[in-house]
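Some notes on the structure that comes next.
The values are calculated or read from the model by the stated rules, or taken from the named source; none is laboratory data. Predicted, not measured: the structure shown is a model, and the values here were computed from it. We place every Cβ from the backbone using ideal geometry, glycine too, and count neighbours over all the protein chains shown. We work out accessible area using only protein heavy atoms, side chains counted, and drop any ligands, DNA or RNA first. Shrake-Rupley method; radii C 1.70, N 1.55, O 1.52, S 1.80 Å.
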Amino acid sequence: MPPAHTGAPTTVGASLPSSPAAPATPAAVTSGSASASVPEPHAPGRPGYRRMSLALFAAGLATFALLYSTQALLPAISDGFGVTAGQASWTVSAATGALALFVLPLSALSERFGRTRMMTWSMVVAVGVGLLVPFAPSLEWLIALRAVQGAAIAGIPASAMAYLAEEVKPKALVAAIGLFVAGNSIGGMSGRIVTGWAAQAWGWRGGLLTVALMSLACAAAFLVLLPRARFFRAASLNPRAVGRTVSGHLRDPLLLRLYGIGALFMTVFGAVYTVIGYRLVDEFSLGQGIVGSVFLVYLVGTVSSAAAGQLVARTGRRGALYLAVTTTALGLFLSLADSITAIVLGLVLITAGFFAGHAVASAAVSRTAKTGRAQASALYQSAYYIGSSAGGTLGALAYHSAGWAATVTLALLAVAGVVSITLYGSHAARAAHAAALVAR
């Protein structure tokens, strides 16, 4: 993201005609002008905050519905193309892997052309490709289109986080990001449920077309509602400057720990939700619609991510992370039972823990980075989706080799990694505090 600033905002250039949310020149305090004023950052209760929240909620809903649209359909895709779970899982991993690869360069472009413009074009391309995906003639074509779709979606998460960090009052940032993440959880849930029931009626291709049309409606709402950026400052597209910014972030111990936490949390989530459909079909012979409905547990993630701000206020960031990993681990152990009720309860705990941990870590990245926030957020998103790709592929391979217990073992190793990083962070913080006291 652009360098941190606290003075009067500036914007750059004119918007593309198709971007209704591009920045306009804000009012500035000038000598002799009594009517001019400096705009206030968005905060709950202020004009524009609700529109901003609804717009980014719609963006999160659309992008996550598209990003994971094939996940609930993997058993049907496997049957349709006659492939294994590991091969079909690439329809998810290709999208998340491309997102991880492109999120950093697209965030750099957002520094020059603006957050709202980047989000607008990313949304348009992602939805456009989504309308082509149902007609893929082979698994290879499906994977290729999904990779293009993931690359387009990459322009949204980091730009959205940067937009919020610039436009929202600092005290309201965790809550605002929590609402965006809540939109992600609703999108992930509704995309899987809609595709599941639509696939049961019209096949997996009909399921993918249905979620693409739903995302088209969300994209339209986003374009209409999103307020123009008022605090964006354009930066030059200097590869060396971007390289220095990225290098600086990668040398920051706290940011590195946050990136690792995001990647490991998403490894758990990617493994569990890529494989759970196969388990429900193989062990319990459930239909595609019922399997898709299991993703209603995403509503728990909506609540836990939106409540992350209050959790941090009460327990501190590391306390919130400890609570998130404990909840996730309990859910993993519970999911080992041979009972659908226990499995669903386990998914509830896994989902609650994951979304809380993700909201806390992503908000901490935005607050930690004082300069180059778009790049800081992009690196987090890249690590996060690398974790998703790794979790989905490795989780499917583990299940294919040794069943659900192997997938849970993989996920528990990732949880142990989060605990280790958080413990190390606590130790480092105590050591730094002790050193500061000695220096006095």
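Please determine whether any residue of region 228-237 is surrounded by 14 or more Cβ atoms within 10 Å (Cβ to Cβ) and in a helix (DSSP H, G or I).
No, the conditions are met nowhere in region 228-237.
Which of the residues spanning region 79-109 are within 19 Å of residue 383 (Cβ to Cβ), among the polar types (S, T, N, Q) and touching a Gly at 6+ places or on another chain (Cβ under 7 Å)?
Within region 79-109, 93, 96 meet the criteria.
Any idea which of 336, 330 is assigned to a helix (DSSP H, G or I), within 15 Å of residue 415 (Cβ to Cβ) and out of contact with any Gly (no Cβ under 6 Å at 6 or more places or on another chain)?
The unique qualifying residue is 330.
Would you confirm, using the coordinates I've provided, whether residue 305 is in contact with a Gly (Cβ under 7 Å, 6 or more places away or on another chain), surrounded by fewer than 24 Cβ atoms within 10 Å (Cβ to Cβ) and more than 20 Å from residue 399 (Cα to Cα)?
So residue 305 fails the test.
Which pairs turn up if I take residues in region 119-135 that are touching a residue at least 24 places away in the same chain (Cβ under 8 Å) and look for partners that are part of a helix (DSSP H, G or I) and hydroxyl-bearing (Ser, Thr, Tyr) with beta carbon separation below 6 Å, at least 6 apart in sequence or on another chain?
Close Cβ pairs satisfying both conditions: 119/159; 127/215; 130/215.
Count, please, the residues in region 111-134 that happen to be out of contact with any Pro (no Cβ under 9 Å at 6 or more places or on another chain) and either hydroxyl-bearing (Ser, Thr, Tyr) or closer than 18 Å to residue 66 by Cα (or both).
Of the residues in that region, 16 qualify.
What residue, among those in region 357-381 that are open to solvent by 10 Å² or more (accessible area, probe 1.4 Å) and part of a helix (DSSP H, G or I), is nearest to residue 110 (Cα to Cα)?
In this case the residue turns out to be 373.
Just one of the numbered conditions (1) polar (S, T, N, Q); (2) modelled with pLDDT under 85; (3) under 30 Å from residue 90 (Cβ atoms) is not true of residue 267; which one?
Only one criterion in (1) polar (S, T, N, Q); (2) modelled with pLDDT under 85; (3) under 30 Å from residue 90 (Cβ atoms) is unmet by residue 267, namely (2).
Is it the case that residue 176 is open to solvent by less than 30 Å² (accessible area, probe 1.4 Å), part of a helix (DSSP H, G or I), closer than 21 Å to residue 78 by Cα and in contact with a Leu (Cβ under 9 Å, 6 or more places away or on another chain)?
no
Please tell me if residue 423 is open to solvent by 20 Å² or more (accessible area, probe 1.4 Å), of a type in the set (A, V, I, L, M, F, W, C), within 26 Å of residue 277 (Cα to Cα) and in a helix (DSSP H, G or I).
When the stated conditions are applied, residue 423 does not pass them.
Test of understanding: among 372, 403, 353, which residue is at pLDDT 90 or above and either at positive phi or in contact with a strand residue (DSSP E or B) (Cβ under 7 Å, 6 or more places away or on another chain) (or both)?
403
For residue 91, work out the one condition from (1) open to solvent by 10 Å² or more (accessible area, probe 1.4 Å); (2) modelled with pLDDT of 85 or more it doesn't fulfil.
With respect to (1) open to solvent by 10 Å² or more (accessible area, probe 1.4 Å); (2) modelled with pLDDT of 85 or more, residue 91 is out only on (1).
Just one of 229, 221 is touching a Pro at 6+ places or on another chain (Cβ under 7 Å), of a type in the set (Gly, Ala, Ser), under 30 Å from residue 50 (Cα atoms) and touching a residue at least 12 places away in the same chain (Cβ under 8 Å); which is it?
Residue meeting the stated conditions: 229.
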